[in-house]
Number of protein chains: 4
Amino acid sequence: MKLTAKAAGTFAIAPTPFLDDGRIDDKSIDGLTDFYAQVGCNGVTVLGIMGEAPKLEGAESEAVATRFIKRAGDKMQIIVGVSAPGFAAMRSLALKSMDAGAAGVMIAPPPHLRTDDQISNYFKQAVDAIGDDVPWVLQDYPLTLTVVMTPAVIRKIIMDSKSCVMLKHEDWPGLEKITALRNFQKDGSLRETSILTGNGGVFLDFEMERGADGAMTGYAFPELLIDVVNLQKKGERDKAHDLFDAHLPLIRYEQQLGIGLAVRKYVLHKRGVIASAAQRKPGVAITAQAKAEVDYLLSRVARYDKRANIAPQSSAAG
Amino acid sequence: MKLTAKAAGTFAIAPTPFLDDGRIDDKSIDGLTDFYAQVGCNGVTVLGIMGEAPKLEGAESEAVATRFIKRAGDKMQIIVGVSAPGFAAMRSLALKSMDAGAAGVMIAPPPHLRTDDQISNYFKQAVDAIGDDVPWVLQDYPLTLTVVMTPAVIRKIIMDSKSCVMLKHEDWPGLEKITALRNFQKDGSLRETSILTGNGGVFLDFEMERGADGAMTGYAFPELLIDVVNLQKKGERDKAHDLFDAHLPLIRYEQQLGIGLAVRKYVLHKRGVIASAAQRKPGVAITAQAKAEVDYLLSRVARYDKRANIAPQSSAAG
Amino acid sequence: MKLTAKAAGTFAIAPTPFLDDGRIDDKSIDGLTDFYAQVGCNGVTVLGIMGEAPKLEGAESEAVATRFIKRAGDKMQIIVGVSAPGFAAMRSLALKSMDAGAAGVMIAPPPHLRTDDQISNYFKQAVDAIGDDVPWVLQDYPLTLTVVMTPAVIRKIIMDSKSCVMLKHEDWPGLEKITALRNFQKDGSLRETSILTGNGGVFLDFEMERGADGAMTGYAFPELLIDVVNLQKKGERDKAHDLFDAHLPLIRYEQQLGIGLAVRKYVLHKRGVIASAAQRKPGVAITAQAKAEVDYLLSRVARYDKRANIAPQSSAAG
Amino acid sequence: MKLTAKAAGTFAIAPTPFLDDGRIDDKSIDGLTDFYAQVGCNGVTVLGIMGEAPKLEGAESEAVATRFIKRAGDKMQIIVGVSAPGFAAMRSLALKSMDAGAAGVMIAPPPHLRTDDQISNYFKQAVDAIGDDVPWVLQDYPLTLTVVMTPAVIRKIIMDSKSCVMLKHEDWPGLEKITALRNFQKDGSLRETSILTGNGGVFLDFEMERGADGAMTGYAFPELLIDVVNLQKKGERDKAHDLFDAHLPLIRYEQQLGIGLAVRKYVLHKRGVIASAAQRKPGVAITAQAKAEVDYLLSRVARYDKRANIAPQSSAAG
């Protein structure tokens, strides 16, 4: 099913599982997909920044995307990150992913863009390249991408392209941006658009209150994201915050630039979801001390949320 | 008393209080200083990045620094941020501050520095400018300053200058950096240096466990920083984390780039410590919605820490 | 006489002369001012990026600006660079300069500005700070300042502020930008504005043909700039290019980022205009080999332009 | 023949020829290769920054590289730019290029590298990826890549990897860097390395005098680069400068960031070397006015160098 502007809920940002020798771990792709479906994710975004996408060759990217898509089947929507240095590679991966059954693609702005016009023109060209029948997600992530998009520029990009159906919002701070975009919709200047939020989930509690439709991020407990999204939608504010706050120390720890992915893979491996915590080179390993800190945080989270009570794995690769 | 490499505990990063019309609020400087002393801060750092220092003229900077210093008297050590586009202004403010009784000065690297040599040479020139009898704090804050210093470069800077007595550590992530520097000291390649940590306190719980000597940041509840520092020093790890975690949702909220200072001034004003939450232009105001979010967070913190139970002020200027 | 949108001709970007020990060299300020007047400059811009302005303290900046202004008297218009990290310092220097008789001030955008709105808002705030009766020059220099302003943003800034009378154009490449701005004036969307061009003069030949009103740069032979501006205004295109091309190898050499100022001061010292080629610390010195290269280039220029035939100075400080 | 540290002379940076519809123009690859061989180039570097490499898909890159290599045969050495966001793609293109008969590959540092260690480690990992039997060229181009490598870091990279045989030097300014590296060789701390210089040739006159072994850049008259290199090697300094200076106005015009490639393709098309001046999207077109300026410059160069006397093409696609 193709992605629409009504998309909501929780989309997990999937890491790409590798074997210890750096080859892609197909079996763990299957396991990871099953896990996301089982806990109740509405979708999965693959080959994002946290998916080590730039380390893959073109053919590998297609294979990884296809495997996730096939495994998810009708259970979840798969969005494929197709950001690339050039439009030829972007087009190629987008078309092959859609052919394989992807729900849509995600595009981030390249770091050299500066002016409002440069940014909105870039996305026009991207849509020219992939075709205007491919639903796509606009990624707004200034902290990492160094491209700053005002609410007005985001509106222009969305109004310029009917096939843009979702914003992955991860400006930081970004609460007022959600409010500004929702106000554009109230005044009729912006059409309906799904807004899912990233940034590791570190502001998800309030983002939902500001009008987000859900979460799109890779926290190693997607269950928590799902719960907070659902509780907020039901109006159970205090409960949502109580649960969120119990996880915040770990969410915060996982959000460290550079080592966040290592922490995430460490926990997913510990949970038995992926076979190895290895990253493809050049990867960042976490130290024994960092692992002990994560374990301590897990034990503290487990006091409030028993899902964090992880039986230790026999062998930890991370 | 001059700053030494044995400095430890909690140094508050002070905001500069302004009146609603943008003039400096001397009375609130006094009140703020008294507040920091009363809650038990070991020192205060003024005219830092969060102190709106670049908005002040030279004479104003001297006046602000002097007022803090005089008011603190023997009760706390005052460190003056003297980072400046040129060494003439840096020297001038450093000498005037030391004459007025400052404990030391703090210097951040300017954003154009790139190579290891450029960085270490810059600090040599800075010490030439201010004189090698002025104790100084090296600020390591890559996220905002865009200058990346390896542990080895930090070591070189410290070993090059006897008057460098402290590192204000706010790399992010930075836990391994603390460990690396402490290991340099164990292997004898780095002399004793005080390490206080910043970043709004968002990793203070673990930074203390990695070997930090204390906190130097501006969280609107310095009492919390003091408690966490002290509990960790006493080895009461769980207690430290319990208290820290109760504050983390607010610490996290305050750490938003750009609006963090507005949140901080809003809370300090609400606590009655400063007369106005105003920033000098160009300042960032927080919306009514953001204020309500902060109020909600305060009420939640207050369930565990009654110091967050603030009686509402009659008129809020922020 | 205050600067107006009709300003044209050649405005020299003046270096700030220092003595070998780093103090300001007042006598050389006088000599430099007399030299610019004598060769026929219409104005001089002081305390620009090439004027080592950030190395001066507030009081020094005022003193340098005032000395240039007083010495120029009625002979030339003096523009004072007032770019500063904060508006208080900007306002202070602008008002003192205007009181002393400056023709106007020049403002560059600070490097953190990214979006169109951030840029145009910044200049609104700057005009609020200095007052709307102070004629000012907008500096557009992306290569060094990293702020990219589209023609439409420049138009907005100018249309927002009646007191903006001139663009210092040094985008690179920038020929099409001049054409775009002149076309805005033809279609009535932009009012009259003076455009002087910088970038060391390296495109002055064509910039004049695209509609520039003159040059504002610091090439050590302002005579060449004046001649090219005048020849182009008289329509003597080939003659303008012939003369320009004779100087281009040296113009090119002088335009090297970082050492350009050292080359410029070396030549001005060699010409007897300033007493020392010294820069205030941290300065860049040129090597003996670089000096020999400049001397060689001078000798080659002198084959076509005898003004480059400089009798060697007895002692070279640079 | 594989590239060695004795490589010298002129290596042309080849543009990638496209048809007007954006497909690769194989016939023009042949024509361009023949042209470079005919005028006397020692080698050609393909898929560099000016080769629009990021716009190609993986399979296209291999095809372009292979076509250049096959056509060059024994006449010239082909170096293939293999810079890529990840090592898998870099390795793949490097191995396929070497299999096809490339002389070596060229690697530029990715823009996020900051510290000395990050930079030298990156190149160690790159060599791990491509294998230490593939001769490679280190590209040093801070202005565009934003990575600043000191002479000492370059030395470390070269000494760490026996297979690094050449530096493509295009720091700017960079004359002292050549001297520093040659001095390292004199003092025995750096082994023999070829240094070819880029930057559009704008400092080639002096770079040869500082010790460069030749040119590696894409000026549309490689004949001029060859002549200057040869004249300087024969010690005919004045002649070298005379010829260089005649071309400098055009070299300078071609060196404009962003539109330089459009100018280059315009001239190569005008010379009949490539069938179309088109760039693959997103490309930069040059205006009619810019074309007229280039034509004017060509006519002026032709007064001294009759090779610039180009009979106008019947239809210009650029």
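The values are calculated or read from the model by the stated rules, or taken from the named source; none is laboratory data. Worth saying up front: this structure is predicted, and the values here are computed from it rather than measured. Note that each Cβ is placed from the backbone with ideal geometry, even for glycine, and that neighbours are counted across all protein chains shown. Calculation scope for accessible area: heavy atoms of the full protein, side chains included, ligands and nucleic acids excluded. Shrake-Rupley method; radii C 1.70, N 1.55, O 1.52, S 1.80 Å.
Suppose we keep just the DSSP beta bridges with both residues in the range A:1-151; what percent of those would be antiparallel, to 5? Can you show the working numbers first?
Working: 1 of 14 bridges.
That works out to approximately 5 percent antiparallel.
Between A:Arg191 and B:Ala302, how high is the FRET efficiency from 1/(1 + (r/R0)^6) when r is the Cβ-Cβ distance and R₀ = 45 Å? Nearest 0.05. Working shown, then result.
Values: r = 42 Å, r/R0 = 0.94.
E between A:Arg191 and B:Ala302, to the nearest 0.05, is 0.60.
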Item to check | Accessible carbon and sulfur surface of the range B:181-230 relative to its total accessible area, %, 1.4 Å | outcome: 47 percent
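Once the cut-off is 15 Å, how many percent of the Cα-Cα pairs in the range C:14-78 end up in the long-distance tail? Present the calculation step by step, with values, prior to reporting the outcome.
Details: 940 of 2080 pairs.
Of all Cα-Cα pairs in the range C:14-78, 45 percent lie more than 15 Å apart.
Give the Rg/Rh ratio for the range D:102-151, taking Rg as the radius of gyration of the Cα atoms and Rh as the Kirkwood radius, to two decimals. Please list the in-between numbers first.
Working: Rg = 11.1 Å, Rh = 11.5 Å.
Dividing the radius of gyration by the Kirkwood radius yields 0.97.
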Checklist entry - Quick one: Debye curve from the C-alpha atoms of chain C, no solvent, what's log10 I(q)/I(0) at q = 0.12 Å⁻¹? => result -0.77
Next on the checklist: Give the lysines reachable from A:Lys234 as a straight Cα distance under 19 Å; neighbours fewer than 8 places away on the same chain don't count.
Outcome noted: A:Lys6
Item to check | Accessible area of D:Tyr304 in the full protein assembly, 1.4 Å probe (Å², nearest 10) | outcome: 150 Å²
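Report in % the part of the accessible area of the range C:1-132 that belongs to carbon and sulfur, leaving out ligands and nucleic acids; probe 1.4 Å.
51 percent
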Next on the checklist: Buried by at least 30 Å² relative to the chain on its own: which residues of the range A:134-171 qualify, computing accessible area with a 1.4 Å probe on protein heavy atoms?
Outcome noted: A:Leu143, A:Val148, A:Thr150
Next on the checklist: Along the Cα→Cβ direction, 7 angstrom out, place labels at D:Lys281 and B:Met159. What is the inter-label distance in nm?
Outcome noted: 5.7 nm
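Rank by packing, highest mean first: peptides A:94-100, C:264-270, with packing defined as the count of other Cβ atoms within 10 Å averaged across residues.
Numbers: A:94-100: 20.0, C:264-270: 23.7.
My ranking of the peptides, most packed first, is C:264-270, A:94-100.
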Item to check | Backbone HN-Hα couplings from phi across the range A:171-180 [Karplus 6.51/-1.76/1.60, Hz, Gly and Pro as x] | outcome: 6, 8, x, x, 4, 5, 5, 4, 4, 4
Checklist outcome for this item: Expected vector for the range B:268-281, Karplus 3J(HN,Hα) from phi with 6.51, -1.76, 1.60 and θ = phi - 60°, integer Hz, x for Gly and Pro, equals 4, 5, 4, 6, x, 7, 10, 7, 8, 8, 5, 9, 5, 5
Item to check | Inter-copy spacing of C:Gln289 label points, which lie 7 Å from Cα along Cα→Cβ, given in nm from shortest upward | outcome: 4.2, 4.5, 6.1
Checklist outcome for this item: For the protein assembly as shown, the per residue accessible area (1.4 Å probe, Å²) is 35 Å²
Item to check | For the range D:171-241: rounded, prolate or oblate by the Cα gyration tensor [a/c cutoff 1.5] | outcome: prolate
Checklist outcome for this item: chain A: antiparallel bridges as % of DSSP beta bridges, rounded to 5, reads 5 percent
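For the protein assembly as shown, take the convex hull of the Cα atoms, compute a quarter of its surface area, and give me that in nm², please. Can you show the working numbers first?
Working: hull surface 183.3 nm².
The Cα convex hull of the protein assembly as shown, projected and averaged over all directions, gives 45.8 nm².
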Item to check | Residue-averaged 222 nm ellipticity for chain B, from DSSP H runs of 4+ at -39500 (n - 2.57), nearest 500 | outcome: -14500 deg cm²/dmol
Checklist outcome for this item: In order over the range D:224-238: 3J(HN,Hα) from phi, Karplus 6.51/-1.76/1.60, θ = phi - 60°, whole Hz, x for each Gly or Pro, gives 5, 4, 4, 4, 5, 4, 5, 4, 5, 5, 7, x, 8, 4, 4
Checklist entry - Measuring from label point to label point, each 7 Å out along Cα→Cβ, what is the C:Gln125 to B:Asp74 span in nm? => result 4.3 nm
Checklist entry - Given the C-alpha centroids of the range B:21-88 and the range D:38-114, what is the distance between them in whole angstrom? => result 57 Å
Checklist entry - What does the average come to when, for each residue of peptide C:84-92, you count the partner chain Cβ atoms lying within 10 Å of its Cβ? => result 6
Item to check | Virtual spin-label span in nm between D:Asp133 and A:Lys27, 7 Å along Cα→Cβ | outcome: 3.4 nm
Checklist entry - How big is the B/A interface in buried accessible area, both sides summed, 1.4 Å probe, to the nearest 100 Å²? => result 3100 Å²
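Of the DSSP beta bridges with both residues in the protein assembly as shown, give the percent that are antiparallel, rounding to the nearest 5. Show your work: numbers first, answer last.
Details: 4 of 116 bridges.
Of the beta bridges lying entirely in the protein assembly as shown, close to 5 percent run antiparallel.
How long is the gain from B:Ala292 to B:Asn309 if the chain were fully straight, where each residue apart is worth 0.36 nm and the alpha carbon distance is subtracted? If you can, show how the numbers build up before the last one.
Values: separation 17, 0.36 × 17 = 6.12 nm, distance 1.46 nm.
Here the segment from B:Ala292 to B:Asn309 would lengthen by 4.7 nm.
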Checklist entry - Setting aside same-chain residues fewer than 8 positions from B:Lys168, which aspartates and glutamates have a Cα under 13 Å from its Cα? => result B:Asp140, B:Glu207, B:Asp213
Checklist outcome for this item: Label points for B:Gly73 built 7 Å along Cα→Cβ; distances to same position in the other copies, nm, shortest first, come to 5.9, 7.8, 9.5
Checklist entry - Just how far, in whole angstrom, is the range C:124-154 from the range C:190-241 if you go by their alpha carbon centroids? => result 21 Å
